[in-house]
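Structure record follows, encoded as structure tokens.
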Amino acid sequence: MRRLIRWMPAICVACEGPAAPAPSDPPDDTFGGLWLGIDLHLHSTHSDDAPDNPIPELLDVARARGLDAFVLTDHDNHVDGEITTWADPDLEVDDLIVLFGVELTTATGHANLFSATPWDHPALYALRDGPGAALAAEAHRQGLHLSANHPLNGDPWEFGFDIGLDSMEVWNALFPFPTDNQPSLALWDARMEQGQRLPGRGGSDCHHQTGIEAAGLNVGNPTTWIVSEDRTAEALLAGLAAGHASVTYAPTAERILLRADADGDGISEVLMGDTIPATGDPIVLRIDLDQIPEAQVGAERTITVLRNGVVWQTRQTPDTTLHLQDTPPAGERTWYRVEVHGETVEAPAGLSGLYGPMIGLTNPIHVGFDG
Ligand SMILES: [Zn+2]
Ligand SMILES: [Zn+2]
């Protein structure tokens with residue numbers, strides 16, 4: 001049963017910006033769903049550049065690291081759009097939620113397609129030379145989730161960002177390595193500045209189980225955690241499309257939940273990814289971290305809230321629940337998203353330097369956005 005909670009004024013210490021209400025309600029799991037963890041960008045031996053990434057081994061890594069769901073996003077260009085991955089009997093498992101996926105691999109950008117069921121991929125492959133709007137229209141006609149990959153690094157996305165993308169990969173592989181993902185976050189913020197709601201996600205782009213790359217990166221680096229209504233592929237994809245998701249550098253690392261109370265009843269009913277009207281009334285953001293690694297219990301992390309793409313508030317704290325109050329202006333667009341920085345202790349031994357300090361990030365809560 002839900003409780004009504006009175007907010008008490010508090011003195012803000014070690015922070016910038018306005019005072020926050022006291023953290024009077026304890027962490028809870030009544031956030032409208034359950035967490036499903038998945039690596040949304042993975043290659044197998046069905047890609048021409050991942051000969052040492054056999055499906056059984058990838059599934060074992062996903063299981064061992066505690067992921068709930070699994071998808072392969074093999075390239076489609078070396079097989080002229082005739083996907084071989086889906087018919088592989090190794091994918092017939094019942095202990096993980098298995099999505100259907102492909103990395104549409106073109107000369108002007110890569111995009112992952114996701115679905116709970118197979119689709120007519122040659123129809124999409126035929127549209128690989130653009131324009132992007134036709135590609136998106138066909139993807140949506142077939143009920144697919146279209147997600148731009150590594151939009152600025154490697155093979156940049158040149159189909160445009162206003163074509164009806166369902167999400168964008170804002171975190172590809174390790175956050176600062178092999179290429180910096182920070183510009184992708186800046187691009188993401190710029191899209192929101194234009195009023196676009198574009199869910200962000202991660203993906204390891206893992207290609208190998210042997211060699212130097214495998215030593216530093218594997219299934220779940222990073223993991224996208226999706227708030228889902230139930231343990232099905234359909235619910236997972238609905239949560240992703242809604243932006244009910246956060247990304248963290250490893251499956252066993254801190255997981256971040258951003259919510260808000262927009263009606264003053266003490267219940268954080270607004271979930272990251274959601275939009276609320278710009279009424280001019282105050283809102284209280286609530287940030288919860290769970291799944292704290294043992295070595296990080298009691299350790300300080302830096303929790304940063306960005307408002308409209310710039311740092312609004314920063315806390316250096318071991319706390320795992322924060323409340324922050326703001327009054328977004330009436331009739332204007334405002335968005336809030338969270339980044340958590342600190343020690344990346346769940347990186348492979350000796351390699352946390354490659355991971356940098358980015359622990360994780362959330363999708364935004366939008367105020368005054370359409371839809
Ligand atoms: Zn790619
Ligand atoms: Zn890829």
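The values are calculated or read from the model by the stated rules, or taken from the named source; none is laboratory data. All values derive from a computational prediction rather than experimental measurement. Reconstructed Cβ throughout: ideal geometry from the backbone, glycine too, with neighbour counts over all protein chains shown. Quick note on the areas: whole protein, heavy atoms, side chains included, nothing else; ligands and nucleic acids left out. Shrake-Rupley method; radii C 1.70, N 1.55, O 1.52, S 1.80 Å.
A few comments on the model shown:
- The number of residues in segment 189-231 being open to solvent by 50 Å² or more (accessible area, probe 1.4 Å) and farther than 30 Å from Gly368 by Cβ comes to 7.
- Residue that is least open to solvent (accessible area, probe 1.4 Å) [pool: residues in segment 90-114 that are within 16 Å of ligand 1 (Cβ to nearest atom) and not in a strand (DSSP E or B)]: Thr108
- Among the residues of segment 196-212, the one identified as of a type in the set (D, E, K, R) and within 12 Å of ligand 1 (Cβ to nearest atom) is Asp205.
- Pairs, first closer than 16 Å to Thr224 by Cβ in segment 336-352, second open to solvent by 10 Å² or more (accessible area, probe 1.4 Å), C-beta under 6 Å, six or more apart: Arg337/Leu306; Glu339/Thr304; Glu346/Thr252
- Of all the residues in segment 243-267, those that are farther than 24 Å from Pro282 by Cβ, under 12 Å from the mean Cα position of the chain (by Cα) and open to solvent by 10 Å² or more (accessible area, probe 1.4 Å) number 1.
- Of all residues making up segment 62-78, the number that are outside any loop (DSSP other than H, G, I, E, B) and open to solvent by 30 Å² or more (accessible area, probe 1.4 Å): 2
- Extreme residue, nearest to ligand 1 (Cβ to nearest atom), among residues of segment 36-60 that are surrounded by fewer than 19 Cβ atoms within 10 Å (Cβ to Cβ) and in contact (Cβ under 8 Å) with a residue 24 or more places away in the chain: Asp49
Listed here are the residues, each with its yes/no results for (1) within 27 Å of Leu271 (Cβ to Cβ); (2) within 15 Å of ligand 2 (Cβ to nearest atom); (3) outside any loop (DSSP other than H, G, I, E, B).
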{"position": "Pro122", "(1), (2), (3)": "no, no, yes"}
{"position": "His140", "(1), (2), (3)": "yes, no, yes"}
{"position": "Asp155", "(1), (2), (3)": "no, yes, no"}
{"position": "Glu169", "(1), (2), (3)": "yes, yes, yes"}
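- Count - residues of segment 188-229 that are under 26 Å from Phe161 (Cα atoms), within 16 Å of ligand 2 (Cβ to nearest atom) and among the acidic types (Asp, Glu): 1
- Any chance Gln182 is open to solvent by 40 Å² or more (accessible area, probe 1.4 Å), more than 16 Å from ligand 1 (Cβ to nearest atom), free of Cβ contacts under 8 Å to residues at least 24 places away in the same chain and not charged (D, E, K, R): yes
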